[in-house]
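Novice: So that we are looking at the same thing, I have put the structure below in structure tokens.
Read the figures in this text as sums done on the coordinates, not as results from a lab. What you see is a predicted model, and the numbers here were worked out from it, not measured in a lab. As a convention, Cβ positions derive from the backbone with ideal geometry for all residues, glycine included, and neighbour counts pool all protein chains shown.
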Amino acid sequence: MNTLRRSADFLFLALLLGVLIAFFSGMSDHFWSMQTVNTVANRIPPLALAAMGMTFVLIAGGIDLSIGSVAALAGAVFGWLVVDRGVSVPVATLAALGAGALCGSANGALVNWMRMPSFIVTLGLLEGARGLAYLATDSQTKYLGERLGALQATVPGLGLSVAFLLAVAGVLVAHFVITRMVFGRHVIAVGTNEEAARLVGLSPGKVRMTVFVLSGLVAAAAGLCQVSRLGAADPNAGAGLELSAIAAAVIGGTSLMGGRGSMLATFVGVLIIATLEAGLAHLGASEPVKRVVTGAVIVCAVAAEAARSRWMARWLNRSGN
Amino acid sequence: MGEPRLKATGLKKAFGQNLVLRGLDLEVAPGEIHALIGGNGAGKSTLSKILAGLAPADAGIVTLDGEPYAVASRQAAQARGVVMVLQELSVIPTLSVAENLFLNALPARAGIVDRARLHERAATALRLVGLASLEPSLPAGALGVGQQQLVEIAAGLAQQCRVLILDEPTAALSGAEANVLFGLLRELRAAGTSVLYISHRLEEISQLADRVSVLRDGQLVATLPAATPRAQLIQLMAGTTVQLGSTARNSVKARPALRVLDLHAGQAVRGVSLDVSCGEIVGLGGLVGAGRTELLRAIYGADRRTAGRTLLGDDTVDFAPRAPADAVRRGIAYVPEDRKQHGIFAPLAVRFNAALMRLPVRRGLAGWIDRVAERRASTRLLEEMQVRYADLEQPLAELSGGNQQKIVIGRWLPCQASLWLLDEPTRGVDVAARQGIYDLLRRIADAGAGLLVASSDYEELAALCDRVLVLSHGQVTGSFTRETLNPRDFMTACFAGIAPTGDPN
């Protein structure tokens, strides 16, 4: 019965996505086309990666507000190394990912050692990493052309980009880590009841550190995806990415109190947000209108999900025995 | 007897597939103390939650003084004069004692709290529960657990009530505090209030109550005079004859499991030395606040020690754990006192809780859980511990406290620990299931582990332990064998170490 409850959560999300697609298809004859699919698929990778990292941190009972700035910093490091220093692309890629991991470990270390709430620590890095991104690029956009173009190349026969497939693969791996691996159980345990986790011999500090490093790393990967799509490293990139990532996770049913969340559901949340953006753009909605509608849909999606799960619990209670 | 104060007929309640109340009947007379006893999952807590408006019944009728009574919230129940003091503490630690007492009825003028009136009323309520010396403006978090419990009871009494429901009120109280409570309940009875009193402590019931109702499997078995012999009550609760007798013990092997030398931990533990041999169960008795919990936590590495040494097994080097993880690696198991805060992952599946300590991993794939083996291992563990549950995937919070406790203990079994530290292992567990836990602990000892068991229950220590040490004020003040243990000397030892305040040591 509890399995039924969980699959119903997921079905509901898929239904919501279906309703959105049907709605936009009805409003515009040209919405349901391969081109739209491509647009959505190519916009997704940065958000999908960022939301995956965010879901990890949320399940562990923390929050990472720095991912948008870390994404920008990673792009900036990449641009600076390649354009100003003449470093090769693979080395610069590693350096950018390293910068992300370093940011994550700084978050983890401060939360662990200073016993500060992750909200505050990562809020600090949201500012700090953005500043570093400006310093690294001298506040200039670094044009890179096709140097990271490989990520945008479409895979023959699928029509989807390499970046998209990498992001999907990342989400799947993360899903299995949470549901099928010992480390995932430890993340859930720490997020649910940190003191109980410590008293059965787990190390909440290590779990938290790992999760923040992971979040920094995938934020950097998200930044590189953005660089590759734009063909440039923009120190302003990724602004608000953390909030979209939180929105996707929350639409997917991840708890902000820790202990509960699903990578696949977060990914459907990402699809919902991306579909909404593409659909509204298709209808010619202005930027302000887009934001109002997106905000409303986020709140409605979470409210509808809460109502549905309450209703279903009552229904199961009445008929389930 | 006239019309009953409270009458329930055919009450039914299910949580998921788990049928908790199966047509329960109950009658409580006006102005009586009515005790409610029964095993884990017998339906005591569920019944009291329904009466207090915390959970709706699925079927059945309740009347209060002859009028239909069905409430949807705690506030609605209180408006009808039915007040429940919760078993789990719900004091808000950052608010003052007075604010906690009157949180739902703060005296205010234009939205501004009238502090003078609040503190005056709080002082009256506190005097009722024997806490007259307590400053109402103190933050509630600064109080000990026993005092917090008394504050909760005072909060319940601060309102006019026809029926007062108490669920295990003395679990966290010292003997003196409990006596204050009993006196208070007798006064209430004299004033015409009915008290529904849930407890596992049968001696309290014979002392305090007028009548006792025995529940089993969600139904009323019998309502009897409280003077009914306890053997008969236990038998009614269990359904079969249960003897709460001493467990058989093997000769104690001489190899040490743990040696503690002059251990200090802050002000709570002040120079404790003791040893536990393999195959031996050593009890730790003492009053609330004597330092038993702190001693176990210091040995386990949950709290920092300030001085002293602990040696494991035949070791000659100090085992100084920096965190519980170190202790677990060395084969120490720990069962905490506060199950809800420190023991369980309440919203997570029963399976998750049962299997967490030893997750079966697929060979060749590092950290990849074999979920079939995990389910099989959890099922086996739950069967072995005789846990009542509906579904492996059901949240642990849906199980009764005693069944949760069985999992908290049982999940360590696959670790094959050589030293067990147990803090109040049967708190909130009914008499019949207690015996099961005692038998289990004895089997663990017979398999060669050493056990150190802290308990506030003298009978438990007497029934379970090979030796009993008494802590008082952070020091060992008594040491008894099975032969020398007796209530009078035990009590004397409990009060022996209480030094005058201001003692520099």
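Novice: If you average the alpha carbon positions of the range B:439-496 and of the range B:102-164, how far apart do those two centres end up, in angstrom?
Specialist: Answer, in whole Å: 37.
Novice: Using only the Cα atoms of the range B:294-367, what are the Rg and Dmax in Å?
Specialist: That works out to 15.4, 44 Å for Rg and Dmax.
Novice: Based on the alpha carbon coordinates of the range A:183-313, what radius of gyration and maximum Cα-Cα distance (Dmax) apply, in Å?
Specialist: 17.8, 56
Novice: About the Cα centre, and with charges only on the beta carbon of Lys, Arg (+1) and Asp, Glu (-1), how big is the dipole of the range A:109-208? Nearest 20 debye, please. Please list the in-between numbers first.
Specialist: Working: 9 positive and 5 negative charges, 54 e Å.
So the magnitude is around 260 debye.
Novice: Give me a single rounded figure for A:274-287: the average over its residues of other chain Cβ atoms within 10 Å of their Cβ.
Specialist: Taking the mean over all residues of the peptide, I get 0.
Novice: Of all DSSP beta bridges located in the protein assembly as shown, what percent are antiparallel, nearest 5?
Specialist: Of the beta bridges lying entirely in the protein assembly as shown, close to 60 percent run antiparallel.
Novice: Report the Rg/Rh value for the range B:106-158, based on alpha-carbon coordinates and the Kirkwood definition of Rh. Intermediate results must be reported in sequence, preceding the final value.
Specialist: On the way: Rg = 11.4 Å, Rh = 11.5 Å.
My calculation puts Rg/Rh at 0.99.
Novice: Hey, if you put +1 on the Cβ of every Lys and Arg and -1 on every Asp and Glu Cβ in the range A:2-316, which of A:G98, A:Y143, A:L81 ends up farthest toward the positive end of that dipole?
Specialist: Highest projection toward the positive end goes to A:G98.
Novice: Note down the Stokes-Einstein diffusion coefficient of the range A:258-321 in µm²/s, whole number, using a Kirkwood radius over alpha carbon pairs, 10 °C, and 1.306 mPa s.
Specialist: On the way: Rh = 14.0 Å.
Rounded to a whole number, D works out at 114 µm²/s.
Novice: Taking the alpha-carbon set of the range A:209-255, what are its Rg and Dmax in Å?
Specialist: For the range A:209-255, the Cα-based Rg and Dmax read 12.4, 36 Å.
Novice: If you project the alpha carbons of the protein assembly as shown onto the principal axes, what extent comes out on each, in Å, largest first?
Specialist: For the protein assembly as shown, the Cα extents along the three principal axes come out at 89, 71, 57 Å.
Novice: Convert 25 °C to kelvin, take the viscosity as 0.890 mPa s, use the Kirkwood radius over C-alpha pairs of the range B:343-387 as Rh, and evaluate the Stokes-Einstein diffusion coefficient in µm²/s, rounded to a whole number. Write out the running numbers ahead of the final one.
Specialist: Details: Rh = 11.1 Å.
Estimated diffusion coefficient is 220 µm²/s.
Novice: Sticking with this structure for a sec: Within 10 Å, count the other beta carbons around each residue, average over each peptide in A:40-47, B:389-396, A:292-299, and list them highest first.
Specialist: Top of the packing list down: A:40-47, B:389-396, A:292-299.
Novice: Can you give the Rg/Rh ratio of the range B:380-470, where Rg is from the C-alpha atoms and Rh is the Kirkwood radius? Display every interim value, and only then the final one.
Specialist: On the way: Rg = 13.4 Å, Rh = 13.9 Å.
Result for the range B:380-470 is an Rg/Rh of 0.96.
Novice: How are the Cα pair distances of the range A:2-316 distributed, in percent, across 10 Å bins from 0?
Specialist: Spelled out per bin, shortest first, that is 6, 26, 33, 24, 8, 1, 0.
Novice: Among all the lysines, which ones have a C-alpha under 21 Å from B:K44's C-alpha, if same-chain residues fewer than 8 places away are not counted?
Specialist: Filter leaves B:K7, B:K12, B:K13, B:K340, B:K406.
Novice: Averaged over B:312-325, how many beta carbons belonging to a partner chain fall within 10 Å of each residue's beta carbon?
Specialist: 2
Novice: Dipole of the range A:2-316 (Lys/Arg Cβ +1, Asp/Glu Cβ -1, origin at the Cα centre): which of A:L224, A:G61, A:F23 lies farthest to the positive side?
Specialist: A:G61
Novice: Over 10 Å intervals from 0, what percent of Cα-Cα pairs in the range A:233-284 sits in each interval?
Specialist: Histogramming the range A:233-284 at 10 Å steps yields 25, 40, 29, 7 percent.
Novice: When the dipole is taken about the Cα centre of chain A, and only Lys, Arg (+1) and Asp, Glu (-1) are charged at their Cβ, what size is it in debye, to the nearest 20?
Specialist: Working: 21 positive and 14 negative charges, 189 e Å.
Computed charge dipole of chain A: roughly 900 debye.
Novice: Hey, got the Cα dimensions of the range A:39-156 along the principal axes, in Å, largest first?
Specialist: 44, 34, 21
Novice: When each pair of different Cα atoms in chain B is counted once in the 1/r mean, what is the Kirkwood radius in angstroms, to one decimal? It would help to have the intermediate numbers written out before the result.
Specialist: Values: mean 1/r = 0.0411 Å⁻¹.
It is 24.3 Å.
Novice: Test of understanding: express the Cα radius of gyration of the range A:116-165 as a ratio to 2.2 N^0.38 Å, with N the residue count. Don't jump to the answer; show the numbers that get you there.
Specialist: Details: Rg = 17.3 Å, N = 50, 2.2 N^0.38 = 9.7 Å.
Normalised by 2.2 N^0.38 Å, the Cα Rg of the range A:116-165 equals 1.78.
Novice: Just the Kirkwood number for the range A:96-238, please: inverse of mean 1/r across all distinct Cα pairs, in Å, one decimal. Show your work: numbers first, answer last.
Specialist: On the way: mean 1/r = 0.0586 Å⁻¹.
So the Kirkwood estimate lands at 17.1 Å.
Novice: Treating only the Cβ atoms of Lys and Arg (+1) and Asp and Glu (-1) as charged, compute the dipole magnitude of the protein assembly as shown about its Cα centre; round to the nearest 20 debye.
Specialist: 1180
Novice: I've got another one for you. Hey, what did the range A:2-316 get for relative contact order, percent, Cα under 8 Å, at least 6 apart? Write out the running numbers ahead of the final one.
Specialist: Working: 540 pairs, mean separation 106.0, N = 315.
The normalised contact order for the range A:2-316 reaches 34 percent.
Novice: I've got another one for you. Could you work out the helix-only [θ] at 222 nm for chain A, with each DSSP H run of four or more residues adding -39,500 (n - 2.57) and the total divided by the number of residues, to the nearest 500 deg cm²/dmol?
Specialist: One gets -25500 deg cm²/dmol as the mean residue ellipticity at 222 nm.
Novice: Separation of the range A:255-308 and the range B:289-343 by C-alpha centroid, Å?
Specialist: Using only Cα atoms, the two centres lie 47 Å from each other.
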